[in-house]
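**Q** This is the structure I want to talk about, given as structure tokens.
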Amino acid sequence: MTQELDAPASAQRDKLLTTELVPEQILPKVMTTYGLVATYVFIICWLTGSSVMAAGGWTAIPMWVLGILTFLVPAGMAVAELGNLWPGQGGVYIWATRTMGETWGFIGGYLSWIPVILNAASSPAIILQFVLLAFHAELGLTLSIILQVAILWGSSACRWRGWPPTSG
């Protein structure tokens, strides 16, 4: 009786997702391991992370090293293992779908993009405030919003036009 109930669920779970069928043709692999590690370190230690590090001073460095060793290294090992187990585009979505089903796959994939969207939305404001701080300047609210939108559009246009160039 339990084999009959488990059979459709496992058969449904074993069928390939669209992103797993031909991943090399859809999106070729262009990042090296070094590039991926550098990207994650850049994301964590960029403007928002660097301000937190600076506030802690020199005494915070051992805690950052401990955090890297206890979180980033095991997380990187887990990502490498899951990526080798289920290669394909989608990362967290594929891994969560394979292990917990489509609902949790969607939730995992959706939640993995929330920090990216929030960081991208706050980056123009952070960049503008750093520039204003460097030049000891102040702007009104309207001009500040216009410049933030211009920074966002400018960075999007540069990326859309292919700058900076990626190595292939």
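**Q** For Leu111 and Glu138 in one chain, what is 0.36 nm times their gap in residues minus the Cα-Cα distance, to one decimal in nm? Walk me through the intermediate numbers first.
**A** Working: separation 27, 0.36 × 27 = 9.72 nm, distance 3.59 nm.
That pair, Leu111 and Glu138, stretches by 6.1 nm at full extension.
**Q** At what distance in nm do the modelled label points of Leu66 and Trp160 sit from each other, each positioned 7 Å from its Cα along Cα→Cβ?
**A** Distance between the two pseudo-spin positions: 4.7 nm.
**Q** Just to confirm the filter: which chymotrypsin sites (Phe, Trp or Tyr not before Pro) across segment 107-148 are DSSP coil and have at most 14 other Cβ within 10 angstrom of their Cβ?
**A** Working: sites: Tyr110, Trp113, Phe130, Phe135; in loops: Phe135.
Answer by residue number: Phe135.
**Q** Roughly speaking, what is the stretch gain from Glu81 to Val131, that is 0.36 nm per residue apart minus the C-alpha to C-alpha distance, in nm to one decimal? Could you put the intermediate results ahead of the total?
**A** Values: separation 50, 0.36 × 50 = 18.00 nm, distance 4.16 nm.
Contour length minus the Cα-Cα distance gives 13.8 nm.
**Q** Any idea of Thr39's accessible area? Nearest 10 Å², probe 1.4 Å.
**A** 60 Å²
**Q** Moving on to the next point. Quick one: accessible surface of Leu133, probe radius 1.4 Å, all protein chains present, in square angstrom to the nearest 10.
**A** Answer for Leu133: close to 120 Å² accessible.
**Q** Would any residue of segment 99-139 have its amide N under 19 Å from a label point 7 Å out along Cα→Cβ of Val149? List them or say none.
**A** Only 120-129, 139 pass the distance filter.
**Q** Between Ala55 and Ala121, what is 0.36 nm times their sequence separation minus the Cα-Cα distance? Round to one decimal in nm. Present the calculation step by step, with values, prior to reporting the outcome.
**A** Working: separation 66, 0.36 × 66 = 23.76 nm, distance 2.30 nm.
Extending this stretch completely gives an extra 21.5 nm.
The values are calculated or read from the model by the stated rules, or taken from the named source; none is laboratory data. None of these values were measured; they are calculated from a predicted model. No Cβ is skipped: glycine too gets one built from the backbone with ideal geometry, and neighbour counts run over all protein chains shown. Calculation scope for accessible area: heavy atoms of the full protein, side chains included, ligands and nucleic acids excluded. Shrake-Rupley method; radii C 1.70, N 1.55, O 1.52, S 1.80 Å.
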